[in-house]
1. Go through (1) under 12 Å from the mean Cα position of the chain (by Cα); (2) surrounded by fewer than 21 Cβ atoms within 10 Å (Cβ to Cβ) and name the single condition ILE126 misses.
2. Where residues in region 46-63 are surrounded by 14 or more Cβ atoms within 10 Å (Cβ to Cβ) and not basic (Lys, Arg), which of them is modelled with the lowest pLDDT?
3. From the list PHE78, PHE41, PHE25, pick out the single residue that is surrounded by 14 or more Cβ atoms within 10 Å (Cβ to Cβ), of a type outside the set (S, T, N, Q) and touching a Cys at 6+ places or on another chain (Cβ under 9 Å).
4. For region 127-160, which positions are part of a loop (DSSP other than H, G, I, E, B) and either among the charged types (D, E, K, R) or more than 21 Å from ALA110 (Cα to Cα) (or both)?
5. Condition test on ALA113, is it part of a helix (DSSP H, G or I) and either crowded, with 16+ Cβ neighbours inside 10 Å or not β-branched (Val, Ile, Thr) (or both)?
6. Given (1) among the aliphatic types (A, V, I, L, M); (2) touching a residue at least 60 places away in the same chain (Cβ under 8 Å); (3) under 20 Å from VAL43 (Cβ atoms), identify the lone condition not met by VAL71.
7. Select from region 12-22 the residues that are farther than 18 Å from ALA114 by Cβ and buried (at least 17 other Cβ atoms within 10 Å of the Cβ) and list them in ascending order.
8. Go through (1) touching an Asp or Glu at 6+ places or on another chain (Cβ under 8 Å); (2) surrounded by 15 or more Cβ atoms within 10 Å (Cβ to Cβ); (3) touching a residue at least 40 places away in the same chain (Cβ under 8 Å) one by one and return the number of the condition LYS96 breaks.
Amino acid sequence: MFVFIFNLLIFKPMLTVTVKSFNEFTIDELYDVLQLRSEVFVVEQDCVYQDIDGKDRKALHVIGKNEQEKVVAYTRIFDAGEYFEKTSIGRVVVSKSARAFGYGHTIIKASIAAISTHYHTKDIKISAQTYLRKFYESHGFEQIGAEYLEDGIPHIAMIR
């Protein structure tokens, strides 16, 4: 288990980021992550899809907790060949109440660092919601190919 602590700006609340395998989750952490993913992807985005897809066991999980120890940001990362040909970041999510603090940037930076640390590469492919293109471009990702629908939501493939 690795712990990264990020504080983007002095006046913003701290986010503690931990990287764990599936087997390292506590029951409460797993529940909190699944609740956050459901809260945003299913309820907020009004998208009925199979979130628990059997891939969590193969992923490393990048978990961001605020100062109250609440899970407010999360991604899962995969080694090359587990999801895409390149290493990848997926299920990028930040609680609606925590987005104003820049935690999306924090969790992506931590995910990129975790890929470098665990998988020893900087090559990453993502399937990004189209409206977040500029966000991902700010982290060095570039769009490849045309827009497509994934679970009824416009997406684009991006690489870094």
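The values are calculated or read from the model by the stated rules, or taken from the named source; none is laboratory data. Just so you know, these numbers come straight off a predicted model, no measurement behind them. Positions of Cβ are generated from backbone atoms using ideal geometry, with glycine treated the same way; all protein chains shown enter the neighbour counts.
1. Every condition holds for ILE126 apart from (2).
2. CYS47
3. Numbers: PHE78 fails: touching a Cys at 6+ places or on another chain (Cβ under 9 Å); PHE25 fails: touching a Cys at 6+ places or on another chain (Cβ under 9 Å).
Result of the check over PHE78, PHE41, PHE25: PHE41.
4. Initial filter on region 127-160 (part of a loop (DSSP other than H, G, I, E, B)): 138-141, 151-152, 160.
Scanning region 127-160 gives ASP151, GLY152, ARG160.
5. Working: part of a helix (DSSP H, G or I): yes; either crowded, with 16+ Cβ neighbours inside 10 Å or not β-branched (Val, Ile, Thr) (or both): yes.
Yes; evaluated as a whole, the condition is true for this residue.
6. All conditions are met except number (2).
7. none
8. Checking LYS96 against (1) touching an Asp or Glu at 6+ places or on another chain (Cβ under 8 Å); (2) surrounded by 15 or more Cβ atoms within 10 Å (Cβ to Cβ); (3) touching a residue at least 40 places away in the same chain (Cβ under 8 Å), the one that fails is (2).
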